[in-house]
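As C-alpha cells, the structure follows; a few thoughts come after it.
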Amino acid sequence: VEVGHYLRAVDQIPSLPMRVFLTAQIGLAGQRIEQLLRAKWVDFQDGLLWLVDGKGRGDPRTHIVPVPAWVAEQIERLRGLSDEWLFSIRGKKPIHPDSVTHAVGRISKKLLESGVVGASFSASDIRRTAETQLAALRVSKDIRTELLSHGRNSLIAGRYDHHQYLEEKREALDLWRNSLREWKKAQL
C-alpha cells in the first residue's frame, strides 16, 4: 500500500520530465537511477531500452530492458523535449541524479508528514522495494538478477549464458505492473 501512496504522489509532480522519469523508474522495477538517466533516444527502440551497465567488475556491458507499453507511452510524452536524452528538463543534458534524490525526498517527507508511511525513504529504496516485491511475487532470483542487472559474476553467467531473458523479463514486468495497479487503487 505504501507503494500506492508513492505512485499517487509521483502523479502529482508538476514537472513532466521528472514525473515521467519516476514513473518509468518504478515501472521498470527499480532500474538504477544513473543508468536510466543516461539513456538516449537512440537507446529506446522497438519496445526495448538498451542501458549501459558500468557497475561491477570488468568492462561495461549492455543491459536490455523490455519496456511495457504503459511505460513506453509515458516516455513518448517526452519526445521533442530533447533530441538526445530520454529524461531531460531543459533538453541539453539529462536530469541530474541529485534532482531525482530531492524529488523522492520531497515525496517521502510529504507522505511521512501525512502519516501514510511509517518511515522516510530515499530514491535507492525504490529499487530495493521493487526487488523485494518481485521476490514476493515469486519471480525467481535468476530473473530478478537479469531484470535489475545485478552482478553476473559466475562463470556460467559471464562466459556461457548469453541469453537476454527478454520474455522472462517481460513476464516479471507484467506481474509487477499488476501489483502496481492494485497498490495504486488500494484504499486505506
Given charges at Cβ of Lys, Arg, Asp, Glu: the range 1-92 dipole, positive-most of I64, Y6, L49: Y6
5 angstrom amide H check on L48, placed H, neighbours 5+ away: V67
Reachable lysines, given that their alpha-carbon falls under 26 Å from the alpha-carbon of K92 and they are not under 8 places away in the same chain: K40, K55
Given the chain, longest segment not containing exposed loop trypsin sites (Lys or Arg not before Pro) (DSSP; at most 14 other Cβ within 10 Å): 1-54
Within the range 1-104: Cβ-based charge dipole about Cα centre, in debye rounded to nearest 20 (Lys, Arg +1; Asp, Glu -1): 220 debye
Dipole-positive endmost among A135, I89, G118 within the range 66-137 (Cβ charges, Cα centre): I89
Per residue, in Å², the accessible surface of the range 26-155 once ligands and nucleic acids are set aside, probe 1.4 Å: 55 Å²
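Run the helix sum for the chain: -39,500 (n - 2.57) per DSSP H stretch of 4+ residues, divided by residue count, reported at 222 nm to the nearest 500 deg cm²/dmol. Mind dumping the intermediate values first?
Values: 8 runs with 92 residues, N = 188.
Value at 222 nm, helices only, nearest 500: -15000 deg cm²/dmol.
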Cβ charges +1 (Lys, Arg) and -1 (Asp, Glu), total dipole of the chain, debye: 440 debye
Percent accessible area from carbon and sulfur atoms, the chain, protein chains only, probe 1.4 Å: 51 percent
Beta bridge orientation in the chain: antiparallel %, DSSP, nearest 5: 90 percent
Debye-sum result for the chain in log10 I(q)/I(0), which assumes one identical scatterer on each alpha carbon, at q = 0.08, 0.13, 0.18, 0.19 Å⁻¹: -0.25, -0.68, -1.29, -1.42
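The values are calculated or read from the model by the stated rules, or taken from the named source; none is laboratory data. Here the structure is a predicted model, which means the values were calculated and not measured. Quick reminder, even Gly has a Cβ in these numbers, built from the backbone with ideal geometry, and neighbours come from all protein chains shown. For accessibility, only protein heavy atoms count, side chains too; no ligands or nucleic acids. Shrake-Rupley method; radii C 1.70, N 1.55, O 1.52, S 1.80 Å.
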